[in-house]
Amino acid sequence: MSDAAAPMLNPETLTVLITGASSGIGAAVARRFAQAGAKVIATARREDRLQALKDEFGARIHIAALDVRDFAAMKALVADLPEPFRNYNVVFANAGLACGLDPAYEAKVEDWDAMVSTNVSGLMYTVLATLPGMVARGEGHVLLTGSIAGDYPYPGGHVYGATKAFAKQFSLGLWADLAGTGVRVTNLEPGMVETEFSVVRFRGDKGRADAVYSDMEPMTAVDIAEQIFFCCTRPRHVNINRLQVMASQQSFAPYAVKRRPR
Ligand code: NDP
Ligand code: 8X3
C-alpha cells in the first residue's frame with residue numbers, strides 16, 4: 001500500500017460525448033474539456049450554437065444536431081461517429097428542461113409530457129445507445145445531470161422533481177450493473193445554476209427568470225463544469241456515485257404548514 005495519491009486522469013485521453021451542449025451546463029462542460037485537450041462530441045437540437053463551439057475549437061470538436069427523444073437518432077450518432085471520436089470514454093447525459101411552475105392541479109399535460117420524454121426517455125436513450133461501446137472497450141464514465149429537485153420537493157416542482165428522482169435511482173441501478181466493468185457512473189445533483197433553464201421554464205419570460213436569481217449569487221455553468229471535470233479525472237479506481245451541490249445562499253424550504261383562517 002502506497003501513501004502517494006494516484007495521479008488524476010490525463011484529460012487528453014478523454015473523448016466526451018455531451019447531450020445539451022448548446023447552452024448552459026453542457027456548453028460549459030464542452031469548453032472545459034476541450035480547453036484541457038479532450039475531444040468532445042457536442043450534441044443538441046440548435047445546430048448554430050454547436051457550430052459556434054466547433055468554430056472555437058476546430059478539429060477537437062465533433063458536432064451533431066439531434067433530439068434526445070429520438071432513440072434512432074441517438075443510435076445513428078454512435079454508429080456514424082468519425083474515427084477520432086469513435087472510442088468515446090465519457091458520456092455526459094445532460095439534456096433536460098423544466099416546463100412551468102404551476103401547481104399540479106393547474107399543470108398542462110403537454111408540459112408534463114415534454115419533461116418526461118426529455119428528462120426520462122431522453123436520458124434512457126442516451127445511456128442505452130452509448131453504454132454497450134464503453135462496456136465492450138472496458139473503459140468509460142456515464143454522468144447524468146440530476147438535481148437537488150430529485151431529493152427535495154418544492155411547490156410547482158412535481159413532475160420535474162420526479163424526473164430528477166428517476167435520474168438518481170437510474171444512476172444507482174446503472175452502477176449496480178457496471179461496477180467492475182471499467183465504466184463508472186455519477187449522478188450530479190446541482191441546485192440553482194443561472195443558465196437558460198429558468199427562461200425555458202417560464203417560456204421565454206426573461207424578467208421572471210431573472211427574478212429567480214435576484215439578490216443572491218447562484219452557481220454558474222462554469223462552477224458545474226469544474227465539478228464534472230473533477231469527477232471524470234479521478235483515478236480509475238475511484239467512483240463518485242452522487243455529487244450534490246448548492247449555491248451558498250440556497251438551502252432547504254421549511255415545512256409548509258397551511259393554517260386555518262382565523
Ligand atoms: P439550459 O436550458 O441552458 O440547457 C439545456 C440544454 O438541453 C440545451 O443545450 C438544450 O439544447 C438541451 N435540450 C433540451 N431539450 C433537448 C432535446 N429534446 N434534445 C436535445 N437536447 C435538448 O439549462 P441547463 O444547462 O441549466 O440544463 C442542463 C441540465 O441541468 C438539465 O437536465 C437541467 O434539468 C439540469 N439542472 C439545471 C439546474 C439549474 O438550476 N440550471 C439545476 C439542476 C439541474 P437545445 O435546445 O439546443 O436542444
Ligand atoms: C434545477 C434546480 O431547484 O430549480 O434542477 O429545481 S431547481
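Just so you know, all these numbers are worked out from the coordinates, no wet-lab data involved. Everything quoted here is computed from the prediction, not taken from an experiment. Cβ atoms come from the backbone with ideal geometry, glycine included; neighbour counts cover every protein chain shown.
A few comments on the model shown:
- Cross-link reach list, lysines versus LYS206, counting only Cα pairs under 29 Å and skipping chain neighbours closer than eight places: LYS54, LYS108, LYS164
- Ranking THR145, ILE224, MET8 by Cα position along the charge dipole of the chain, where only Lys, Arg, Asp and Glu carry charges on their C-beta atoms, puts THR145 farthest toward the positive end.
- Projected label distance in nm at SER2 and ASP205, using a 7 Å step from Cα toward the beta-carbon: 5.8 nm
- Ranking of PHE170, PHE33, PHE230 by count of other Cβ atoms within 10 Å, fewest first: PHE230, PHE170, PHE33
- Cα convex hull of the range 138-207, projected area averaged across orientations, nm²: 5.6 nm²
- Reachable aspartates and glutamates, given that their alpha-carbon falls under 18 Å from the alpha-carbon of LYS39 and they are not under 8 places away in the same chain: GLU12, ASP55, GLU56, ASP80, GLU83, GLU139, GLU226
- Net charge of Cβ neighbours under 11 Å - reference ASN187; Lys, Arg +1; Asp, Glu -1: +1
- MRE, 222 nm, helices only [DSSP H, n ≥ 4, -39500 (n - 2.57), over the chain, to nearest 500]: -11500 deg cm²/dmol
- Anisotropy class of the range 69-143 from Cα gyration tensor, a/c 1.5 cut: prolate
- Inverse of mean 1/r across different Cα pairs in the range 11-245, Kirkwood, Å: 17.8 Å
- Summing +1 for each Lys or Arg and -1 for each Asp or Glu among the other residues whose beta-carbon sits under 11 angstrom from that of LYS164 gives -1.
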